[in-house]
Each structure stands twice: as C-alpha cells, then as structure tokens.
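**Student:** Got a structure for you, questions after.
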Amino acid sequence: MTQKPTLRQLKYLCALADERHFGKAATRCHVTQSTLSAGIQELEKCLGVALIERGGKNVLLTTAGQAITHRSRHILLEVEALAEEAASALAPFRRPIRLGVIPTIAPFLLPSALAALRKDHSGFQLLIREDLSGRLVQLLFNGELDVLLMALPYPAGNVTTHHLFDDPFLVAHPTGHALSERKELQTHHLKGHDLLLLEQGHCLRDQALEACKLQSTTASLSFEATSLHTLVPMVANGIGITLLPKMAIDQGILAGIDNVEVRPFSGQRVARSIDLLWRKHSPRQAEYRLLGNYLAPMSRVIDG
C-alpha cells in the first residue's frame, strides 16, 4: 500500500458511521456530499477493502468498516491530544477552545461570563456549539469539542468533571393556583397537578423529575415544549405548572409575563449541578479550569 489514509478521510468515515447518512455526515464535516463520498471511495481504494455496503436505503458499515472506524476514532483522538499537548505549553487562551453547551444554560449564563472573558483575553476564540447533552457528549469523544458546559446528573464516562455551582429548581404556577395556598411547598405537593416539561431528549426534563422524586409515569404531563421560553406562557395561560432553573429566572425569563408566581421548595435542596466536562487526561485541563473561573462567579447570583 503506497498511499496512506489521511486524517480527513478518517474523519469522513467516523462522521458517516455516526450519522448513517451521506448528506448529514457532509454537513457535519463542512463539505459537500460529493466531496465526502469521494473521500470515502479514496479511503477504500487506499486500504483495499470495502467500508460501507452500497445499494440499500441506509448507510451500513461492513465488518471491516466497523473495525477501521473504531481504530480511526482512536487515531483522531490521539492527534487531538497531540495538538492539546502543544497548546498546553502556551500561555492560557492562546489557542481556540471548542465549547459545547446545552440550551437550558447557554442563554442564561454565557453572555455575562463571556463579556468578562473577552475583556481579559481580547484575542481569545471560544467556539460555541449549542446542542442536547447526548449529542454534545458524542462530539466530545469524537474529538470535535474540547469541553462541555452541562447540567448533571447525566451519564458520561471517562471524563473529568469540574463542578461550578448548583442551580436550584423553582416551581412556576399561575396566580391563584391551588399550590399558592400552601405556606410551605414540598416536592410531593406537585403530584396530581398538570406538569409542563421539556420534550424527551432534554436532560432538564429528567433532572427536574429526579430532583422532585417524580416519575413521568406518575406525573400528569399535559404538555411538552422545546424550550423554557415556550413553557412560561403556557403557565401564564393556566395550562399547568412547571419547574424553572433559578438561573433562567435571574436572567429575566419571566420579564413581561403576568399571572405567574414562582416559589422555592421549603427545607429541600432541589437543584441541578452545573459542571464543565472534558476528556480525562487532557493536557489543557488547567486552561479549562481557568475558563470555569469565569463561569463559576455567576453562582453568587444563582445561590444568593
């Protein structure tokens, strides 16, 4: 074999293995579908083996394709670690950081924190990808993201977790709702009420249920939304109650909304944990912890 596989070809293969679709894989790699397809064909020619099964509706990897994809992921991660090793020798924030963040954190935490970061490090590039937790974890282990800003608990092995602060849940209900008659609000008081939550796939949904010791099978889930900004007007119109993270309330998610009361739980710590996550043994972990220092001071507002 005179010609060797390129890193770009291995990246195309891994993207195709994840997406199972040429168009989606090409979009993820920021190339045209024809470019990605040609890259896969060149890789197959280079290795002398078929990597995908052609002719069907879905993209399927051959046995050899599965094995080579697995090894390709390790190669790409090692190359990424090599670049991180070099970057760790530089002064902090001299090389871009690719940050993944979930939608229930990004608009409420990042604007103020990034303003302070830009003031201190004007030339620093923070490349932000907003997506759901499962997708972000996959991108982290594919080497396409460096660090994640997420809410825990969420299953993610082989990572280093750096705790920033706790973000309490508060109950939002319509003015005059039956819950407003209770002087002390406990999590079990939510049972039997119409509970509005984010749709499946949002970790906030599961974290809210877990924090309140509720299950989707016992809670009355009358509506599922794609964002917190959708849930609030539903509460204002008397459709049900919901659980809001305090960071969203502090950043004005209820601004201009009437007929909504927000109450904390009495004598209970009902919260999600806000953390940074990165691949274990990353050479840039000192830099990621420094990034966390710009995010953690917000806890004075959230916990205060």
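**Student:** Could you grab the pairs with beta carbons closer than 6 Å, sequence gap of 6+ or different chains, first residue in the stretch 278-296 and surrounded by fewer than 18 Cβ atoms within 10 Å (Cβ to Cβ), second one part of a loop (DSSP other than H, G, I, E, B) and polar (S, T, N, Q)?
**Tutor:** Listed pairs, sorted by first residue: LYS280/ASN158.
**Student:** Moving to a separate point now. Can you say whether GLN268 is crowded, with 16+ Cβ neighbours inside 10 Å and among the polar types (S, T, N, Q), as far as the supplied structure shows? Explain how you work it out, then say what you get.
**Tutor:** Details: crowded, with 16+ Cβ neighbours inside 10 Å: yes; among the polar types (S, T, N, Q): yes.
It is true that GLN268 is crowded, with 16+ Cβ neighbours inside 10 Å and among the polar types (S, T, N, Q).
**Student:** Among the listed residues THR6, THR35, THR104, which satisfies the condition of being of a type in the set (S, T, N, Q) and under 25 Å from SER133 (Cα atoms)?
**Tutor:** Matching residue, one of THR6, THR35, THR104: THR104.
**Student:** Please specify each residue of the stretch 105-139 satisfying the condition of being touching a helix residue (DSSP H, G or I) at 6+ places or on another chain (Cβ under 8 Å), open to solvent by 10 Å² or more (accessible area, probe 1.4 Å) and not in a helix (DSSP H, G or I).
**Tutor:** PHE124, LEU126, ILE128, ARG129, GLU130, ASP131, LEU132
**Student:** Condition first: of a type in the set (Ser, Thr, Tyr), outside any loop (DSSP other than H, G, I, E, B) and either under 24 Å from the mean Cα position of the chain (by Cα) or surrounded by 15 or more Cβ atoms within 10 Å (Cβ to Cβ) (or both). Can you find one or more residues in the stretch 81-91 that meet it? Before you say what the answer is, go through the steps one by one.
**Tutor:** Kept after step one, since they are of a type in the set (Ser, Thr, Tyr), are these residues of the stretch 81-91: 88.
Next, only the ones that are outside any loop (DSSP other than H, G, I, E, B) stay: 88.
From what is left, the residues that are either under 24 Å from the mean Cα position of the chain (by Cα) or surrounded by 15 or more Cβ atoms within 10 Å (Cβ to Cβ) (or both) are 88.
Checked against the condition, which is being of a type in the set (Ser, Thr, Tyr), outside any loop (DSSP other than H, G, I, E, B) and either under 24 Å from the mean Cα position of the chain (by Cα) or surrounded by 15 or more Cβ atoms within 10 Å (Cβ to Cβ) (or both), the stretch 81-91 yields at least one hit.
**Student:** Just checking, how many residues over the stretch 140-155 are surrounded by 17 or more Cβ atoms within 10 Å (Cβ to Cβ) and out of contact with any Ser or Thr (no Cβ under 7 Å at 6 or more places or on another chain)?
**Tutor:** Here the count works out to 9.
**Student:** Here is a further query. Taking into account only those residues within the stretch 208-250 that are in a strand (DSSP E or B), open to solvent by 10 Å² or more (accessible area, probe 1.4 Å) and of a type in the set (S, T, N, Q), which is modelled with the lowest pLDDT? Can you show your working first?
**Tutor:** Filtering the stretch 208-250 down to residues in a strand (DSSP E or B) leaves 220-225, 241-245.
Then keep just the ones that are open to solvent by 10 Å² or more (accessible area, probe 1.4 Å); that gives 220-224.
Those left that are additionally of a type in the set (S, T, N, Q): 220, 222.
Details: SER220: 54, SER222: 58.
Once the filter is applied, the top-ranked residue is SER220.
**Student:** State the number of residues belonging to the stretch 184-199 that are open to solvent by 60 Å² or more (accessible area, probe 1.4 Å) and either without any contact (Cβ under 8 Å) to a residue 60 or more places away in the chain or closer than 20 Å to VAL232 by Cα (or both). Give the derivation first.
**Tutor:** We begin by selecting, within the stretch 184-199, every residue open to solvent by 60 Å² or more (accessible area, probe 1.4 Å); these are 184, 188, 191-192, 194, 199.
Now narrow it down to the ones that are either without any contact (Cβ under 8 Å) to a residue 60 or more places away in the chain or closer than 20 Å to VAL232 by Cα (or both): 188, 191-192, 194, 199.
Going through the stretch 184-199 one residue at a time, the tally reaches 5.
**Student:** Being part of a strand (DSSP E or B) and not charged (D, E, K, R) is the filter here, so list the residues in the stretch 262-285 that pass it. Before you say what the answer is, go through the steps one by one.
**Tutor:** Filtering the stretch 262-285 for residues part of a strand (DSSP E or B) gives 262-263, 271-279.
Selection gives VAL262, ALA271, SER273, ILE274, LEU276, LEU277, TRP278.
The values are calculated or read from the model by the stated rules, or taken from the named source; none is laboratory data. Quick caveat, the model's predicted, so the values are computed rather than measured. Neighbour counts run over all protein chains shown; Cβ positions are idealised from the backbone, glycine included. Areas reflect the complete protein model, heavy atoms only, side chains present, ligands, DNA and RNA absent. Shrake-Rupley method; radii C 1.70, N 1.55, O 1.52, S 1.80 Å.
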